[in-house]
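Asker: Encoded as structure tokens, here's the structure I'll be asking about.
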Amino acid sequence: MSDTPISRTRPSESDQPLWLFGYGSLIYKTGFAFKACRPASIKGWTRRFWQGSHDHRGTLESPGRVATLVPQEGAVCHGMAYLIAPDVLAGLDVREKNGYLRVMTDLYFDDGSQDEALVYMATEGNEAWLGEASALEIAQQISTAAGPSGPNRDYLLMLADSIRDMGHDDDHVEAIEQALLALEANVDRS
Ligand code: BEZ
């Protein structure tokens, strides 16, 4: 295991199964074959709705916001790890083409064992990057965006539910969820 979160940025070419760590839609929607699935976390990264989506949960005119990972000392990001054949990655590269890179990082299973995993993350400065905003601003953007994969609000609410279902809290996701539900409640009353 390395001391830094990223051990290498280009996974080696191999035909061996590898762990894929999901922290966004991959927690609740796979759509690919996997040999095993285990709750896990990665360290030194935190989930943030700072990545724009104009191809899944928004459009070029009205981009949505989806989760990416940003470095934060001492942070732990909980998600789901899938043991996959390497050829699964080709499909995911197409599905997640909107600014995401593959990164290898240390993986910590909830049962205490460890391995290494591939993670898709969109880093600051990519073409779809939106960056930091308040929970209310993010919720406002999410509330009006929709794309080929469906309404942006559904992505947020399904992610919030699945993090809770795994028994974890994510203050950032919950703050945006609460802001969105408040916005929707106000719209319903008018
Ligand atoms: C994820 O769920 O881990 C994920 C999904 C799409 C792009 C990047 C990451």
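Every number here is computed from the coordinates shown, using simple stated rules; none is lab data. Note that the structure is a prediction, hence the values are computed from the model and not measured. Cβ sites come from the backbone with ideal geometry, for glycine too, and all protein chains shown count toward neighbours.
Asker: List every residue whose amide H lies under 5 Å from the amide H of ALA75, counting only residues 5 or more places away in sequence or on a different chain, with H placed 1.01 Å from N in the peptide plane.
Answerer: It is GLY44, TRP45, by chain and number.
Asker: Most mobile of ARG47, ARG57, ARG38 per a Gaussian network model of the chain (Cα springs, under 10 Å)?
Answerer: ARG38
Asker: How much length is gained if the chain between ASN126 and PHE109 is pulled fully straight, taking 0.36 nm per residue apart and subtracting their Cα-Cα distance, in nm to one decimal?
Answerer: Length gained between ASN126 and PHE109: 3.1 nm.
Asker: Let me ask something else about it. Taking amide H positions as placed 1.01 Å from N in the peptide plane, with prolines and chain starts having none, which residues 5 or more places from CYS37, or on another chain, fall under 5 Å of its amide H?
Answerer: Amide H neighbours of CYS37: LEU83.
Asker: At 7 Å along Cα-to-Cβ for each site, give me the label-to-label distance between VAL76 and ASP93 in nm.
Answerer: 3.4 nm
Asker: Let me ask something else about it. In percent, how large is the relative contact order of segment 49-152, given Cα pairs closer than 8 Å and 6 or more residues apart?
Answerer: 42 percent
Asker: Which value in nm describes the separation of the simple spin-label points at LEU83 and ALA175, placed 7 Å from the Cα toward the beta carbon?
Answerer: 3.8 nm
Asker: With an 8 Å Cα cut-off and a minimum separation of 6 or more residues, compute the relative contact order for segment 7-189 in percent.
Answerer: Relative contact order comes out at 28 percent.
Asker: Under a 10 Å cutoff between Cα atoms, tell me which one of ASN98, ASN152, ASN126 has the largest fluctuation in the Gaussian network model of the chain.
Answerer: Among ASN98, ASN152, ASN126, the largest mean-square fluctuation in the Gaussian network model of the chain belongs to ASN126.
Asker: Pick out which of GLY167, GLY99, GLY150 has the largest mean-square fluctuation in a Gaussian network model of the chain, springs linking Cα atoms closer than 10 Å.
Answerer: Maximum among the listed residues: GLY167.
Asker: Here is a follow-up. Determine which residues of segment 64-83 fall in the zone a paramagnetic label at ASP165 would reach in this model, i.e. backbone nitrogen under 19 Å from the point 7 Å along Cα→Cβ.
Answerer: It comes to 67, 78-83, nothing else.
Asker: What whole number of Å gives the distance from the Cα centroid of segment 24-44 to the Cα centroid of segment 96-150?
Answerer: If we compute the Cα centre of each part, the gap is 13 Å.
Asker: Now for a different question. With loop defined by DSSP as not H, G, I, E or B, and exposure as at most 14 other Cβ atoms within 10 Å, which is the longest segment of the chain clear of exposed GluC sites (Glu not before Pro)?
Answerer: That gives 62-123 as the longest site-free run.
Asker: I've got another one for you. Quick one: what are the phi-derived ³J(HN,Hα) couplings along segment 55-64, Karplus 6.51/-1.76/1.60 with θ = phi - 60°, whole Hz, x for glycine and proline?
Answerer: 10, 10, 10, x, 10, 4, 6, 9, x, x
Asker: At 222 nm, what helix-only mean residue ellipticity would the chain give, in deg cm²/dmol to the nearest 500, using -39500 (n - 2.57) for each DSSP H run of four or more?
Answerer: For the chain, the value works out to -9000 deg cm²/dmol.
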